[in-house]
Amino acid sequence: MSDRFRIVFAVYPGVTQLDFTGPHEVLCRLPGAQCIVASTLGGNITTDGGLGFGGILRIEEVGDCALLCVPGGPGTVEAMGDAVFLRQLRRLAGSARYVTSVCTGSLLLGAAGLLQGRRAACHWAWRDALKEFGAQPDPARVVRDGNVVTGGGVTAGIDMALTVVAEVAGEDYARQVQLAIEYAPQPPFDAGRPERAGAAVLAAVSARFDRLRPAREAAIRAAATRLRELQ
């Protein structure tokens, strides 16, 4: 790899912080890594959980990158309607060695026209919506299709990032990174996938997501329509 490996995390208000801080913790350890966090307006953003991040660059001012990472979160509803943001995703992806996403960040890749005909992962509750953008939903935790590497919901971002590190710097180095951050998940419950969570847990979580569904599905349909008009 070259001396510099520029990584751009493309964020927006209402992003889920672990969607990008998880991969950031892994990817910043790549030899030569230069991590940049950028948004449409730059400055400060507030995540869906209320954490604030400052010193963010305007995405239009960011040059090319080796890796683009697009996280997900409730803010994807508004971000799918941000023409500047989507245009800059297309620009950066055009020369990136890797185009990646976490959780519903793949919906933003789709809205930018970057997933047509590709397999992609997404959070389980919104995975089927990828079809609106010509993508093929894949239930795997990490999905590779060409230079596009997508992760499932939230915590899958760490797995996605380790997958990329292994390819860029070798599996031995990726194992070193995994050990350095002591990534050895042992969750107290086997409830991290809908097929294993149990009917009652799945129903409760699905009910919460269903309250968000009308606005998100409307945003997805509108973004898909705009994308078709661009083609």
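Structure above, values below:
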{"quantity": "Residues of the range 28-82 satisfying the condition of being in contact (Cβ under 8 Å) with a residue 40 or more places away in the chain and surrounded by fewer than 16 Cβ atoms within 10 Å (Cβ to Cβ)", "calculated": "Pro31, Gly63, Asp64, Glu78, Gly81"}
{"quantity": "Unmet criterion (only one of (1) within 20 Å of Ala38 (Cβ to Cβ); (2) touching a Gly at 6+ places or on another chain (Cβ under 7 Å); (3) part of a helix (DSSP H, G or I)) for Ala93", "calculated": "(2)"}
{"quantity": "Residues located in the range 27-44, provided they are of a type in the set (Val, Ile, Thr) and either in a strand (DSSP E or B) or under 14 Å from the mean Cα position of the chain (by Cα) (or both)", "calculated": "Ile36, Val37"}
{"quantity": "Pairs, first on the phi < 0 side of the Ramachandran plot in the range 187-205, second among the acidic types (Asp, Glu), C-beta under 8 Å, six or more apart", "calculated": "Arg196/Asp190"}
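A quick yes/no check of all residues on (1) under 30 Å from Gly113 (Cα atoms); (2) in contact with a helix residue (DSSP H, G or I) (Cβ under 7 Å, 6 or more places away or on another chain); (3) in a loop (DSSP other than H, G, I, E, B):
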position	(1), (2), (3)
Leu179	no, no, no
Arg193	yes, no, yes
Ala203	no, no, no
Pro214	yes, no, no
Ala218	yes, no, no
Leu227	yes, yes, no
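Yes/no per residue for (1) farther than 16 Å from Leu89 by Cβ; (2) in contact (Cβ under 8 Å) with a residue 40 or more places away in the chain:
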| position | (1), (2) |
| --- | --- |
| Ser106 | no, yes |
| Trp126 | yes, yes |
| Leu130 | no, no |
| Ala140 | yes, no |
| Asp145 | yes, no |
| Thr150 | no, yes |
| Thr155 | yes, yes |
| Ala161 | yes, yes |
| Val168 | yes, yes |
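Just so you know, all these numbers are worked out from the coordinates, no wet-lab data involved. Everything quoted here is computed from the prediction, not taken from an experiment. Cβ atoms come from the backbone with ideal geometry, glycine included; neighbour counts cover every protein chain shown.
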